[in-house]
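Participant: I have a structure here, written as structure tokens, and I will follow up with some questions on it.
The values are calculated or read from the model by the stated rules, or taken from the named source; none is laboratory data. Owing to the predicted nature of the structure, the values given are computational and were not obtained by experimental measurement. Here the Cβ positions follow ideal geometry from the backbone for every residue, glycine too, while neighbour counts run over all protein chains shown. Protein only, heavy atoms only, side chains kept; ligands, DNA and RNA dropped before computing areas. Shrake-Rupley method; radii C 1.70, N 1.55, O 1.52, S 1.80 Å.
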Amino acid sequence: MRSWATHLALAVGLVVCSPVFAGAPDNSLRPVARPTQDQSARPDAMVLITRAPGVKISLRPLTRPGTLNAPAQPTQTQPAQAQPVQVASTARGSICGMRDIRGQKLTRIRGRLNGCGVQSPVQVTSVSGVTLSQPATLDCTTAKALNRWVSGSVIPTIGRLGGGVNSLQVVAHYSCRTRNSQPGAKISEHGKGHAIDISAINLNNGSSLTVLSDWKKRAEGKLLRSLHQSACGPFGTVLGPNSDRYHQDHFHFDTARYRSGSYCR
């Protein structure tokens with residue numbers, strides 16, 4: 001058996017003869033063959049075995065996945081999908097369930113006098129393509145009567161005269177007052193949203209057929225009288241210059257009904 005002294009001598013000899021301690025050139029940084037091992041445990045680096053202590057991990061990454069070698073694809077931004085829009089079946093701005101009547105709905109009108117007010121008022125701006133000189137506050141029954149009169153009589157009666165009908169000159173619509181503004185009189189149909197007053201038919205060439213100036217003229221008066229007469233039917237009450245002194249300069253139309261039918265004067 002070897003003595004402890006012999007073992008000590010052999011150990012000292014190995015250390016002294018080592019290249020690191022004997023002054024031999026240091027080639028410890030040259031890697032040796034890699035051991036076979038599972039590299040999945042360290043996917044971000046490669047293990048390197050050396051003869052010298054201190055260098056344990058290489059900074060060179062492992063083999064890249066095949067997908068990284070594919071050419072870069074341009075980023076495609078998907079356009080925002082348009083949301084479906086519900087489109088009304090009638091034209092925009094139509095009221096009273098009719099395409100030919102344009103305007104807007106209003107909230108309930110409460111009159112300052114007993115008997116005044118409109119439950120479901122509308123503000124009419126045009127009928128059958130003919131503009132009103134000012135928006136008229138009415139109920140739908142009266143708005144529809146006005147539309148029937150314009151489409152069935154005013155437009156065909158005027159025809160191409162002056163380039164055709166441009167607008168109606170409106171001088172009164174809803175107003176909480178008594179008939180003809182007389183003290184103690186009954187509430188006017190204007191105070192219920194049932195009436196509209198028209199003083200002229202304005203034409204596209206800038207001229208007008210006015211009740212005040214043209215009612216007694218031969219040609220113009222004939223047209224105005226025809227329009228006045230044709231309103232009896234769509235409206236319950238039709239008043240003009242031949243009715244009284246309050247209607248010398250306009251037609252009064254309202255939808256009040258009488259047992260005998262329309263009241264036309």
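Participant: Could you give the length gained by full extension between Arg110 and Ile155, i.e. 0.36 nm per residue of separation minus their alpha carbon distance, to one decimal place?
Facilitator: 12.7 nm
Participant: Length gain on complete extension for the stretch Ser120 to Asn204, per 0.36 nm per residue less the alpha carbon to alpha carbon distance?
Facilitator: 26.9 nm
Participant: Say the cut-off is 32 Å between C-alpha atoms; which of Lys144/Lys216; Lys105/Lys216; Lys144/Lys222; Lys186/Lys217; Lys192/Lys217 go over it?
Facilitator: Checking Cα-Cα distances, Lys105/Lys216; Lys186/Lys217; Lys192/Lys217 exceed 32 Å.
Participant: Just to confirm, what accessible area per residue do you get for the range 110-181 at 1.4 Å probe, in whole Å²?
Facilitator: Normalised by residue count, the accessible surface of the range 110-181 is 45 Å².
Participant: Note the full-extension length gain between Asp249 and Ala219 as 0.36 nm times their separation in residues minus their Cα-Cα distance, in nm to one decimal.
Facilitator: Length difference between fully extended and current span is 9.0 nm.
Participant: Whole-Hz Karplus ³J(HN,Hα) for the range 163-175, in order, using 6.51 cos²θ - 1.76 cosθ + 1.60 and θ = phi - 60°, x for Gly and Pro?
Facilitator: Those phi angles translate into x, x, 6, 9, 7, 10, 7, 8, 10, 7, 9, 5, 7 Hz.
Participant: Scan around Ile101 for amide H atoms under 5 Å from its own, H built in the peptide plane at 1.01 Å from N, and keep only partners 5 or more places away or cross-chain.
Facilitator: Those lying under 5 Å, H to H, from Ile101 are Ile95, Ser128.
Participant: Below 11 angstrom from the Cβ of Gly191, what's the summed charge of the other residues (Lys, Arg +1; Asp, Glu -1)?
Facilitator: Value of the local net charge: +3.
Participant: Follow-up question, since we're still on this one. If the range 79-209 were replaced by its equivalent ellipsoid, with semi-axes equal to the square roots of 5 times the Cα gyration tensor eigenvalues, what would those be, largest first, whole Å?
Facilitator: 29, 24, 11
Participant: What per residue convex hull volume, in Å³, comes out for the range 172-233 when only alpha-carbon positions are used?
Facilitator: Residue-normalised Cα hull volume stands at 121 Å³.
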